[in-house]
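FYI, it's all coordinate maths here, none of it is from the lab. Predicted, not measured: the structure shown is a model, and the values here were computed from it. Here the Cβ is made from the backbone with ideal geometry for all residues, glycine too, and neighbour counts use every protein chain on show.
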Amino acid sequence: MKNRILALPLLAPFCLATVPAWAQDQPSNDENQIVLACMRLPEIIVTGLPVSLGDKAYSATDISLDPVQPVENALRDVPGLQQFRRSDARSANPTSQGVTLRGLGGNASSRALLILDGVPQADPFGGWVAWPGYDALALSSARITRGGGSGAEGQGAISGTIELFSDNVGDRIELGAAYGSRNSVDADLLLGRELGQGQLTISANYARGDGFIPIIEGQRGSVDRPAEYEQAGLAVRFVAPLSDEIELQSNVRAFTDDRERGFAFSDNHNDGADASIRLVDRSSDWQWSALGYVQIRNFDVSFGGVADDRNSVSRVFEQYNVPSTGLGARFEVRPPVGDAIELRIGGDWRRTEGETNENFFFADNDTPRRSRRAGGSTATYGGFVEASVQASDALVLTGGGRLDLWSIDNGFRREIELINPFPGAVRSDEKFTNRSGSEFTGRGGFAFDANDALTLRGAAYLGWRLPTLNELFRPFRVGDDATAANELLEPERVKGAELGLDWNRAGVTLGVTAFYNQLDNAIANVTLATGPGVFPGVGFVAAGASYSQRQNLDAIRSKGVEIDALFDLGELAEGLTFRAGYSFVDATVKGSGDAAPIDGLRPAQVPRHNASGTIRWEKDNGSGASLSARYIGQQYEDDVNILSLADAFTIDGRMALAINDRLLVETRVENLLDARVEAAVSSNGIIERAFPRTFWVGLRARIE
């Protein structure tokens, strides 16, 4: 029903080099033979059109996903991929969980385009990612393509594209439950049923925990307490053929996410629901796909101001209702133009709208003095053309461009008094001028098979990202530090180039890529002043706290090297593999005007070094063991490079034993050495850490 292919560009050249020529030339009903020939590499179940011939020119990594490990933590093994915060969705503020690549961070909005079965996943209001919403999904794998200008996938791929693929689960029931440290529970359910020629999949998850105290020991006060969390999700997917060529795919999912940040008045609540429908025609002649989707989100968050001695806390700010909606559609057609040429033509549309409703200046913890509403809408309309050519047996050339029209509309910000002396009085009522523009972007590249083991590749690209409603209209606070929105922000634009090589021989696959990126108009939180004082857009800022505003920097320049390697150690033990990755990123800010003080400094939240390695042994019955190590280098919390987050080294482990063909017993450990992974540091030196050592024991049952 689905088109099964293998991991491409980084790993596929290695894989295809090991597949006999007869297998590569066979029609689609022999695809399983190719899968078996490359079984050491992650298998990708593509739910849309087949992977483009031109993708071979770009740097990519493919990883397998399973229900044991949260999606966001699995992605952390990819060199150069990072979230804005080092903490995960059990303790981080959900509005800080943007994802990026190649050192183009410094902002909580995602600079990588995340898509699930073709549907963009960024929050319609803020651009961050609600990671707990994916743990309920039956996912098979992920492909991470580094570099901007995704072309056919739409705008937003400043640093790269992350694709998540649904699994084809067949007829089976799978149940998993685990109990962990600090009274943690993690449970999931998967039900797959073949209905006629169709496939119905129902999946669900539930997770909770008493949590840990985020503030490091030695700095805690009486207000500090464990940051508890509770998360759940449900998803339904149905796929069925409408004819011999056309397949219908429908998806519905919903999730809820409750977290606390470890003290009173720090609770967060995030809800979401998505629906999409897609038609796919993979016939040998005209191939096409058509997609429509809707995203619904709502979150509320409270902020507390903690005294310097951390023995008292008061509510300073709350966003009690932040609804948003994302709507979109996409169409692509691949006409038959010759055996050696692939042509892609299509277009897409996306609209977001939302608003934030806030209370601030509290007379006491329950009585706000002022209220604010702010929001607006954005829209993009894009069209693309991309062509790839098998110029010779060894050479693939690809190139294309897209034109986008954008608009920012209906922006407003309104503040009113809530209590005496003038309750209901309007303090400000701003209507922002509608804006619009156009962006032309493109990408091109080559892949050359120098011999049966070595592939050389190169690419250049242009990309862009529209500011989110959050960046344009929503001010926010982190502790006593305050950041104002900026309705005049311009779109970000990236230009970049890369050169790489892929090597495959004797069970070793290796990819090395050198890159250079320049992100013009990079949106960052620029520090403007230090309290005490009353500042535009945020109000009062306490003594010693910082006042910032979102602004367009001149640029962020990022250059570096990425290495990804996979070793098949089957000669030592059947099912034994080792995977390793490393990225070096040298990123600097180019700033002038208000941003002149940070000119030449490193962007906030961007480490120079990132490395990971996993040794894994697996048997066909599910038994196995793995040990993973990760290193993340030192990085700065702030744009002025004063508040430093120390480097960190962590180890995770897993062991599984199959009792029979239906039951699996599992033990896991996160952060085995209980390393202090610093996730944030405030202006007064208070350090917050990510998840500490956590042990798990669980059972997994499968019925087919």
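So here's what we get for this one:
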read-out: Length-normalised contact order for the chain - Cα pairs under 8 Å, 6+ apart - percent; value: 11
read-out: In region 249-347, chymotrypsin sites (Phe, Trp or Tyr not before Pro) in a DSSP loop with at most 16 other beta-carbon atoms within 10 Å; value: Trp286
read-out: Burial ranking of peptide ranges 144-153, 198-207, 556-565 (average Cβ count within 10 Å, highest at the top); value: 144-153, 556-565, 198-207
read-out: Helical mean residue ellipticity (222 nm; -39500 (n - 2.57) per DSSP H run of 4+; nearest 500) of the chain; value: -1000 deg cm²/dmol
read-out: Cα centroid separation, region 632-700 to region 198-235 (Å); value: 14
read-out: Selection of GluC sites (Glu not before Pro), region 184-243, meeting DSSP coil and at most 13 other Cβ within 10 Å; value: Glu217
read-out: Signed unit charges on C-beta, dipole axis of the chain, positive-most listed residue Gly613, Val538, Ser436; value: Val538
read-out: Of Gly326, Ser96, Ile659, farthest towards positive along the dipole that unit charges on Lys, Arg, Asp, Glu beta carbons give the chain; value: Ser96
read-out: Proxy reagent accessibility, fewest Cβ within 10 Å first, across Arg373, Arg465; value: Arg373, Arg465
read-out: Per-residue HN-Hα couplings for region 52-68 [Karplus 6.51, -1.76, 1.60; θ = phi - 60°; Hz; x = Gly/Pro]; value: 5, 4, x, 4, 4, 7, 10, 7, 9, 10, 10, 10, 7, 10, 9, x, 6
read-out: Estimated FRET transfer efficiency (Asp339, Val236; beta-carbon r; R0 45 Å; 0.05); value: 0.65
read-out: Reduced Cα scattering model of region 444-556, Debye log10 I(q)/I(0), q = 0.18 Å⁻¹; value: -0.87
read-out: Cα-based reach from Lys590 at 15 Å (exclusive), listing aspartates and glutamates while leaving out same-chain residues under 8 positions away; value: Glu492, Asp520, Asp554, Asp599, Asp639
read-out: Convex hull of Cα atoms in region 46-169, direction-averaged projection (nm²); value: 7.4
read-out: Charge dipole of region 159-311 about the Cα centre (unit charges at C-beta), most positive-ward option of Gly262, Leu195, Ser181; value: Gly262
read-out: Over region 604-704, relative contact order from alpha-carbon pairs under 8 Å, at least 6 apart, %; value: 22
read-out: Proportion of all alpha-carbon pairs of region 556-602 beyond 15 Å (%); value: 63
read-out: Taking region 482-571 and dividing mean pair separation by its residue count, relative contact order in percent (alpha carbons under 8 Å, at least six apart); value: 36
read-out: Region 652-704, Cα convex hull volume normalised per residue, Å³; value: 79
read-out: Region 520-672 - Rg and Dmax from Cα coordinates, angstrom; value: 22.9, 68
read-out: Per-residue HN-Hα couplings for region 184-190 [Karplus 6.51, -1.76, 1.60; θ = phi - 60°; Hz; x = Gly/Pro]; value: 8, 10, 9, 9, 8, 9, 9
read-out: Region 409-472-region 100-143 distance, computed between alpha-carbon centres (Å); value: 15
read-out: Reference-scaled alpha-carbon Rg (2.2 N^0.38 Å with N residues) for region 176-303; value: 1.51
read-out: Kirkwood hydrodynamic radius of the chain, from inverse mean 1/r over distinct Cα pairs, in Å; value: 26.1
read-out: Table column - 3J(HN,Hα) (Hz), region 454-470, Karplus curve with 6.51, -1.76, 1.60, x for Gly and Pro; value: 10, 10, 9, 9, x, 7, 9, 7, 10, x, 7, 9, 7, x, 7, 4, 4
read-out: Gap separating the Cα centres of region 562-578 and region 155-195, nearest whole Å; value: 25
read-out: Relative exposure of Arg493, Arg414, judged by other C-beta atoms within 10 Å (fewest first); value: Arg414, Arg493
read-out: Set of aspartates and glutamates with alpha-carbon distance to Lys619 below 13 Å, sequence-local pairs under 8 removed; value: Glu574, Asp661
